[in-house]
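Notes follow once the structure below has been shown.
The values are calculated or read from the model by the stated rules, or taken from the named source; none is laboratory data. None of the values given here were measured: they were computed from a predicted structure. Ideal geometry is used to build each Cβ from the backbone, glycine not excepted, and the neighbour counts take in all protein chains shown. Quick note on the areas: whole protein, heavy atoms, side chains included, nothing else; ligands and nucleic acids left out. Shrake-Rupley method; radii C 1.70, N 1.55, O 1.52, S 1.80 Å.
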Number of protein chains: 2
Amino acid sequence: MKIVVLGGDGYCGWATALYLSAKGHNVAILDNYIRRQWDHELSAQTLTPIQPLSDRLRTWCRLTGKTIDMFIGDVTDYDFLVSSLKSFEPEAIVHFAEQRSAPYSMIDRKHAVFTQVNNVVGTLNVLFAMREALPDCHLVKLGTMGEYGTPNIDIEEGYITIEHNGRKDILPFPKQPGSFYHLSKVHDSHNMMFTCKIWGLRATDLNQGVVYGTMTDEVAMDEALINRFDYDDVFGTVLNRFCVQAAIGQPLTVYGKGGQTRGFLDIRDTVRCIEIAVSNPAAPGEFRVFNQFTEQFSVYDLAMMVYRVGTAEGMKIEVQHLPNPRVEKEEHYYNAKNTLLRDLGLEPHCLSESLLDSLMHFAIRYKDRVDRSQIMPTVTWK
Amino acid sequence: MKIVVLGGDGYCGWATALYLSAKGHNVAILDNYIRRQWDHELSAQTLTPIQPLSDRLRTWCRLTGKTIDMFIGDVTDYDFLVSSLKSFEPEAIVHFAEQRSAPYSMIDRKHAVFTQVNNVVGTLNVLFAMREALPDCHLVKLGTMGEYGTPNIDIEEGYITIEHNGRKDILPFPKQPGSFYHLSKVHDSHNMMFTCKIWGLRATDLNQGVVYGTMTDEVAMDEALINRFDYDDVFGTVLNRFCVQAAIGQPLTVYGKGGQTRGFLDIRDTVRCIEIAVSNPAAPGEFRVFNQFTEQFSVYDLAMMVYRVGTAEGMKIEVQHLPNPRVEKEEHYYNAKNTLLRDLGLEPHCLSESLLDSLMHFAIRYKDRVDRSQIMPTVTWK
């Protein structure tokens, strides 16, 4: 299948592009390198020494004989986007090309406005380009479990049946996002639902949990293919950060009580979920929502897992509670459904089995590259 | 009370600014005249001969002795917005300053993107300006009943109690907006809810129905104070259009079957609802939602009311069904709650009593200004 990965130079995008290419799909990457630009803006770096995209793709071709096309530009530039899509003619568009950090969106007004305009306009452009040039193409769009917030009821996959005053309807699940970034994904979801309805587009919204790990079979083939591993306070995710802290002997920093519970998944499951969504397209006019995570943990659960694994390896690990820089519940009910992707064939990796190999050993291997000044939270929600 | 009306040169904004000034409030208008610019873009004109804002305000001062300050600029220009607000120091901000036409947002990609960026960034700027300069100010923001769409259950005022799998929560009412414009209001609502939660701002979201009429006590005082009356296919609302069609002997154009049911209100109730919201501010941190309409009608109901009133006046009226340019249900359940504003003192005007005086006689009086080429729908949703 011909598949374009928007944002294919980023963390999930790069792993996905290689995985789909390895599976025999004809893959193109569309990216504007802005993720690398944000590293410069924040004076931060991925733990891992990633290579320029052109070098990555040359290595991939040398090792596998497979070529991946590059389209360098911005999805908010409609003329560039639509001409790229017309030239490649994808059957599926995998859309990772958004600003994806909650803290980045909370830095100040300009970053909030940038995040919402960038993400909303980019996705609107993708939808209009599909209508103009590729009306039968399937959009696989990355949303986030954070769209739902932490309601006091079970979280369903996108829709909920509501009975009210003796009547019943299936309605979009209510959204309570917790940052300007998460809000941008809610805006996207509403825009996509509407265009599926009025134009008959096909779309799958993948409400993804927090991704951890960096190893996939493909990026493991050569050092030049190595993926990002973000541990800084703005783009780093919690489990990556804990492993880096363990590796350098810094206390694991739990925000507040640590009772914040979320859905998590291994990046090897991210790429498999994308393949499943692409291989089982939504019907024309269908706006389909999958919850894309495999296990639920609280932040404190994660700290304890890292503590146990690290201690067993002979490391000396402390856990430190910091005042929470975010505004969020630290003790709450959380039970989110995630059966749709499993029903289509997902076989999850478990964190308990991946923690050492895919995370801790990686953090230890590159610990000399850690910038200790990048770890403590600097962005607050208040 | 010191109140700034953002978008105070527009249809609802102008009537509101005068009404609040007449009630003794210290009122300022902030506007960038873009509504007049859209008339030029579309080669359309209001039925009524409106005067420049400075002339309007001079007349108002001459008649009443009351001055209304003017701040001319764009809410998407943060520096202008925050400096204006710091200078005036309002206790309440009434925010009408958005692109408010569904068909305008559906013209093409550029108009869709403009509508969402303009509305979302303008409201984000208002929220950030409140945090920076006026943390105790009360935001009264115009939303739309169109945020809810047409669910098969009763529509509550902003929130709904959901029982699910034996648990219960009060959650935001699910949204199913029907145009890029209506979507922009949903985006705004989510952004406002979030900032009330994290920054403790006070906000009231007024989900307004379709407004009809142009006469209020204040604009009736002098021809120079006359308000807009839009009947064109892009900015005109359905009842205004029907009255103009009756006045010029053109068939009333019902889109599709005409079973589309919506909430409606007289502009005299709009201004009163704003006063009620301003006088009863939301608590710090509260994101309050009122459904602001007084009666429900289907489009066909309205055509029949105009038919009966016009026929009784000796007019010859036909009703014509056009293919629906929108994608919407033409037969559906619709029962929306609207008790919160009544509980605070709203005494609604009934359409059956206003139709002749506030609408039909007005359309007849200015019928020589009607541009017949502006009435038939030109923008389609497909």
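Does A:Phe180 count as within 12 Å of chain B (Cβ to nearest Cβ) and of a type outside the set (Ser, Thr, Tyr)?
On the way: within 12 Å of chain B (Cβ to nearest Cβ): yes; of a type outside the set (Ser, Thr, Tyr): yes.
In short, yes.
Give the number of residues within region B:94-104 that are part of a helix (DSSP H, G or I) and either within 11 Å of chain A (Cβ to nearest Cβ) or among the hydrophobic types (A, V, I, L, M, F, W, C) (or both).
Residues meeting the conditions: 1.
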- [ ] Answer yes or no: is there a residue in region A:153-165 that is on the phi > 0 side of the Ramachandran plot, at pLDDT 95 or above, at the interface with another protein chain (Cβ under 8 Å from one of its Cβ atoms) and surrounded by fewer than 19 Cβ atoms within 10 Å (Cβ to Cβ).
- [x] yes
Task: Any hit, region A:308-321, residues being closer than 17 Å to A:Tyr212 by Cβ, more than 16 Å from the chain's Cα centre (by Cα) and without any contact (Cβ under 8 Å) to a residue 40 or more places away in the chain - done: yes
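Would you call A:Gln260 closer than 22 Å to A:Glu156 by Cβ, buried (at least 22 other Cβ atoms within 10 Å of the Cβ) and under 21 Å from the mean Cα position of the chain (by Cα)? I'd like the intermediate steps shown before the answer.
Numbers: closer than 22 Å to A:Glu156 by Cβ: yes; buried (at least 22 other Cβ atoms within 10 Å of the Cβ): yes; under 21 Å from the mean Cα position of the chain (by Cα): yes.
It is true that A:Gln260 is closer than 22 Å to A:Glu156 by Cβ, buried (at least 22 other Cβ atoms within 10 Å of the Cβ) and under 21 Å from the mean Cα position of the chain (by Cα).
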Open item on the list: The conditions are (1) surrounded by fewer than 20 Cβ atoms within 10 Å (Cβ to Cβ); (2) aliphatic (A, V, I, L, M); (3) out of contact with any Ser or Thr (no Cβ under 7 Å at 6 or more places or on another chain), and B:Ala224 fails exactly one of them. Which is it?
Closed with: (3)
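So which residues in region B:263-275 are open to solvent by less than 30 Å² (accessible area, probe 1.4 Å) and not acidic (Asp, Glu)?
B:Gly263, B:Phe264, B:Leu265, B:Ile267, B:Thr270, B:Val271, B:Cys273, B:Ile274
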- [ ] Taking B:Arg202 as the residue in question, decide whether it is more than 14 Å from chain A (Cβ to nearest Cβ) and open to solvent by 30 Å² or more (accessible area, probe 1.4 Å).
- [x] yes
Task: Meets criteria (open to solvent by 10 Å² or more (accessible area, probe 1.4 Å), under 19 Å from the mean Cα position of the chain (by Cα) and hydrophobic (A, V, I, L, M, F, W, C)) for A:Phe114 - done: yes
Open item on the list: Residues that are acidic (Asp, Glu), outside any helix (DSSP H, G or I), surrounded by fewer than 24 Cβ atoms within 10 Å (Cβ to Cβ) and in contact with a helix residue (DSSP H, G or I) (Cβ under 8 Å, 6 or more places away or on another chain): does region A:276-293 have at least one?
Closed with: yes
Task: Meets criteria (within 26 Å of A:Leu42 (Cα to Cα), open to solvent by less than 40 Å² (accessible area, probe 1.4 Å), assigned to a helix (DSSP H, G or I) and touching a strand residue (DSSP E or B) at 6+ places or on another chain (Cβ under 8 Å)) for A:Phe242 - done: yes
